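FYI, it's all coordinate maths here, none of it is from the lab. Just so you know, these numbers come straight off a predicted model, no measurement behind them. Cβ placement follows ideal geometry from the backbone for every residue including glycine, while neighbour counts extend to all protein chains displayed.
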Amino acid sequence: MRFVTPPPVRRLPLAGEQPATVVEPGAPGGAVATSGRRLQASPMAVERMTVDRMSIAYGAKVAVDEVSLPIRQGEVLALIGPSGCGKTTLLRSLNRLTELTKTASMKGRILLDGTDTATLEPTALRRRVTMVFQQPNPFPMSVFDNVAYVLREQASRRPRKRALQGAVQSALERAGLWEEVKGNLAHPALRLSGGQQQRLCIARALAADPEVLLLDEPCSALDPISTQVIEELIVQLREQVAVVIVTHNLQQAFRIADYVAFMYLGELVEYGPAEQVFGAPRADRTKEYVSGGFG
Amino acid sequence: MLGALVCAVLLFVLTIVVFVFKEAWPSFQHNGWAWFSSGGNVDRQIQEIFTAAADLRRPVYTFHAWPIIWGTFLITTGAVALSFVAALFVSVFIVEFAPEWIRTILEPVVRLLASVPSVIFGLVGVLVLVPFIGEHVISDDNRRSVSYIVSLSGYSLLAGVLILTLMIAPLMIAVFSDGLRSVPRGWLEGSLGLGINRWRTFWKIGVRTARPALVAGTVLATARALGEAVMLAMVTGGVAFAPNPADGVIFFVEPTRPLAATILQASEELTAPAMRHTIFAIAAVLLFSALMLSLTGWVVKQPMKKYGVRA
Ligand SMILES: Nc1ncnc2c1ncn2[C@@H]1O[C@H](COP(=O)(O)OP(=O)(O)OP(=O)(O)O)[C@@H](O)[C@H]1O
Ligand SMILES: [Mg+2]
């Protein structure tokens, strides 16, 4: 049931695939602000998730109103919009975390590879569609255990620590945290800085090896260099994983997103390629918001 | 001002401890380490200490407390172990899995149960559980097989453990569920968001994070179990008999009496100095156990805090 339609490009590294603009992490941060788009749109985008007239309300308050969107692998989708417009709510509904809020009610459908997510087991769904939260929420364990947690839980037999080492290291490297923590993996995760905690949460999500990665403002607590590491990671990831990122940083959305969805008061005002949304927005609301951000 | 208050409280506690141990000393001095050993019948020894004083003979101090220490140990560990398991499951259920309406009913009920006076539990034990054990659990064969040492009537270790479990479990549930509830939602959602199911999430993140509360609740409940006198004096049979595991199943239905209940029963005879010292010696053992209990709780909690606190 899970893989009715096998994901076509998953885990297939494209021949000669190299992100065009891999900037050394040590490069001057000033370049980030001015640099333009990282990559051209990927040639092989595959639709993985479909949001179909989704409405979400908390009690009587409608937080997301009839939103329809495709989410494609091979592209990064950025959700932008003013605070409180329902970005987090929409993101949480993609892997049914909204259900944990007792007052929340949903209407509409979300499909993953053509299967209605409502018919999937939430655990199985969340294994494939993994979330990094707006507030860093590392577990009260060591750095190592935080990343190893999901590996241990997913394994049928509890793996040895030695066997996990490689996977933990690679996840931490990809999240750009390895250099800072490699000396002491037993360090309590809650004693990392806010930005380190957020990167640890990203590493944790990567270790889960998802098909769709949901990132809720992953860079809001990060310095420019860590931000750059994460941005490059996202751009690299998009070939193997469908990435949805919520961001308040319009520059960032412009740099890494292939498609941008602008939300306002729960409604999806505009959805389109990043160049179009930022360059020639159709709706007045979008124009206002985007020009404010770049003004 | 606050400092003075703290000092006053500390001084008060210290005074009590010193007073109890000072009063207890002669009994320990006369018996040495044998005080803690077995040897003879505790009830008869207490009787002897009392009559010697009443007859104005030389004071007698001989006292071997093993049966009542053993009884205390059995009742306390039995009840604490049972209620720990029960309380853990109930509080996990209340906090995480119960529908709202069950929760709104269960929580006040638990808090009410935690505050019911122990005499009432004792009464229920005497009127319901003890006759039940006497009629349905103990067979005539059982009675006959140990009749030369002790008579089985239903007043028993089992009755004490069960009623005590009922008494301390609500206390544990209250503390446990407070602890589980205060686990940050973000940690649980973080685990759920990685596709770990609710049970595993709650077990690995929720319960694990709440371990200090589990320890605190267990210490509190154990302290209450150690100090429980009235109810246990009512349902355990009031004889200072040491239940013998070698007796097989009968072990559970043999009568016993813990330290606190012994103090209660002997408290009218405190007038004679030898008697007073003996009773205070029992009290000192109880007090020492309580201190050790708190200390153990504190020690056990330390490594659990390693990853939890922000510093
Ligand atoms: N648990 C909740 N209960 C009730 N209302 C909620 C809840 N969570 C969010 N809301 C409401 O839903 C609306 C959308 O919230 P949401 O968190 O999705 O906004 P957001 O776009 O992520 O904002 P931000 O950029 O500040 O993170 C807000 O008006 C908020 O007040
Ligand atoms: Mg948000």
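Would you give the gap between the C-alpha center of the range B:71-97 and the C-alpha center of the range A:228-295, rounded to a whole Å? Rounded to whole Å, the Cα centres lie 54 Å apart.
Answer rounded, prolate or oblate for chain B, using the Cα gyration tensor with square roots of eigenvalues a ≥ b ≥ c: rounded when a/c is under 1.5, else prolate when a/b is larger than b/c, else oblate. The shape class here is oblate.
Sites listed here are trypsin sites (Lys or Arg not before Pro) in the range B:31-136 whose DSSP assignment is loop and whose Cβ has at most 10 other Cβ atoms within 10 Å: B:57. How many angstrom separate the Cα center of the range B:1-36 from the Cα center of the range B:225-244? Their Cα centres are 25 Å away from one another. Seen against the Cα atoms of chain B and their longest principal axis, helix B:2-31 is set at about 40 degrees. Only Cα pairs under 8 Å and 6+ residues apart enter the sum, and on that basis the relative contact order of chain B stands at 27 percent.
Shape analysis of the range B:215-257 places it in the oblate category; the axes a ≥ b ≥ c from the Cα gyration tensor give an a/c of at least 1.5, with a/b not above b/c. Pair-distance distribution of the protein assembly as shown: all C-alpha pairs, bin width 10 Å, starting at 0; shares per bin in whole percent are 3, 14, 19, 17, 12, 11, 10, 8, 4, 1, 0, 0.
Shape verdict for the range B:208-297, please, from the Cα gyration tensor: rounded (a/c under 1.5), prolate (a/b greater than b/c) or oblate. Verdict is oblate for the range B:208-297.
Taking the Cα centre of the range B:74-266 as origin, sum charge times position over the Cβ atoms of Lys and Arg (+1) and Asp and Glu (-1), and report the length of that vector in debye to the nearest 20.
620
For the options B:186, B:71, B:227, a Gaussian network treatment of chain B with springs between C-alpha atoms closer than 10 Å singles out B:186 as fluctuating the most. Axis of helix B:66-92 versus longest Cα principal axis of chain B: the two differ by about 20°, to the nearest ten degrees.
Secondary-structure-derived ellipticity at 222 nm for chain B, considering helices only, amounts to -21000 deg cm²/dmol, per-run term -39500 (n - 2.57) for DSSP H runs with n ≥ 4. Listed cross-link partners A:161/A:182; A:87/A:287; A:102/A:161; A:182/B:305 are compared with a 26 Å cut-off, the Cα-Cα value being larger for A:102/A:161. Sparsely packed loop sites in the range B:67-170 (the GluC sites (Glu not before Pro) outside DSSP H, G, I, E and B with at most 12 other Cβ atoms within 10 Å) do not occur. Any idea which of A:104, A:224, A:246 is furthest toward the positive side of the dipole for the range A:43-290, if Lys and Arg beta-carbons carry +1 and Asp and Glu beta-carbons -1? Looking along the dipole axis, the top candidate is A:104.
Ordering B:131, B:153, A:210 by the projection of their Cα atoms onto the charge dipole of the protein assembly as shown, which places +1 on the Cβ of Lys and Arg and -1 on the Cβ of Asp and Glu, puts A:210 at the extreme positive end.
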